[in-house]
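Visitor: Supplied in structure tokens, the structure appears directly below.
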């Protein structure tokens, strides 16, 4: 068996008569060397090394080998170099071999790279994620991108501080038109979503609820009317039908 370097120099383990890096955590001996496309991934695997092309900047192939070179033959690429312990210098930010996301800027370093939050974002010390900043604040909403709030239901405005005049049952057009309700929800109807739909009972005013008549009548009927509606139905049943649809 070959003589291994001291673990204080580089983590090693011996398996089947060959020396390789010490495996830890969830590491395993798969995938195969040839399946890895970046040097940083390649040299972390046991018995894998990087055959870097002469053009540089991260181009190359991951092959099986050791400190002395490729296991069989030589690097098949022209003007190539073999790297087993350390990757050749490359600009990961330029070639895309980094993990910075869309909220981060990538900064190339002599060894590796560094991600920082883009302008308009700030690092969350708990989650480690870059979160958008809305200087105006989002009173009744969530900051979804720098300076942009996504308002909660029924609120509008740059900082979501204006409430729609729709009895809490609809969104509205804008701050200038808070009484133009877009679509009534919660079984309500009316210009300002102030009434319950037919076959629903309750008060829709100021966020009130409208219950199905069947629930209100404890399952004993499908239709429920106010006294005014009942009198109108008696006077003119053709225009005010009370049959359940």
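The values are calculated or read from the model by the stated rules, or taken from the named source; none is laboratory data. Keep in mind that this is a model prediction, so the values were computed, not measured. For neighbour counting, all protein chains shown are included, and Cβ atoms are generated from backbone atoms with ideal geometry for every residue, glycine included.
Visitor: Every residue in region 182-228 that is part of a helix (DSSP H, G or I), modelled with pLDDT of 75 or more and either touching a helix residue (DSSP H, G or I) at 6+ places or on another chain (Cβ under 6 Å) or farther than 20 Å from residue 166 by Cβ (or both), please.
Guide: To start, the set of residues in region 182-228 that are part of a helix (DSSP H, G or I) comprises 205-207, 213-216, 227-228.
Then drop every residue that is not modelled with pLDDT of 75 or more, which leaves 205-207, 213-215.
Once the filter is applied, which keeps residues that are part of a helix (DSSP H, G or I), modelled with pLDDT of 75 or more and either touching a helix residue (DSSP H, G or I) at 6+ places or on another chain (Cβ under 6 Å) or farther than 20 Å from residue 166 by Cβ (or both), region 182-228 yields 213, 214, 215.
Visitor: Now, a different point. Among 156, 139, 148, which is at pLDDT 90 or above and in contact with a strand residue (DSSP E or B) (Cβ under 6 Å, 6 or more places away or on another chain)?
Guide: Details: 139 fails: in contact with a strand residue (DSSP E or B) (Cβ under 6 Å, 6 or more places away or on another chain); 148 fails: in contact with a strand residue (DSSP E or B) (Cβ under 6 Å, 6 or more places away or on another chain).
Going through 156, 139, 148 in turn, the sole match is 156.
Visitor: Of the residues that sit in region 53-81 and are at pLDDT 80 or above and in contact with a helix residue (DSSP H, G or I) (Cβ under 7 Å, 6 or more places away or on another chain), which one is farthest from residue 98 (Cα to Cα)? So that I can check it myself, show each step before the final result.
Guide: First, pick out the residues of region 53-81 that are at pLDDT 80 or above: 53, 58-71, 75, 80-81.
From the residues that got through so far, the ones that are in contact with a helix residue (DSSP H, G or I) (Cβ under 7 Å, 6 or more places away or on another chain) too are 58, 60, 62-64.
Values: 58: 11, 60: 16, 62: 18, 63: 21, 64: 24 Å.
Only one residue fits best here, namely 64.
Visitor: Kindly list the number of the only condition in (1) part of a loop (DSSP other than H, G, I, E, B); (2) without any contact (Cβ under 8 Å) to a residue 24 or more places away in the chain; (3) surrounded by 13 or more Cβ atoms within 10 Å (Cβ to Cβ) that fails for residue 125.
Guide: So the condition that residue 125 fails would be (3).
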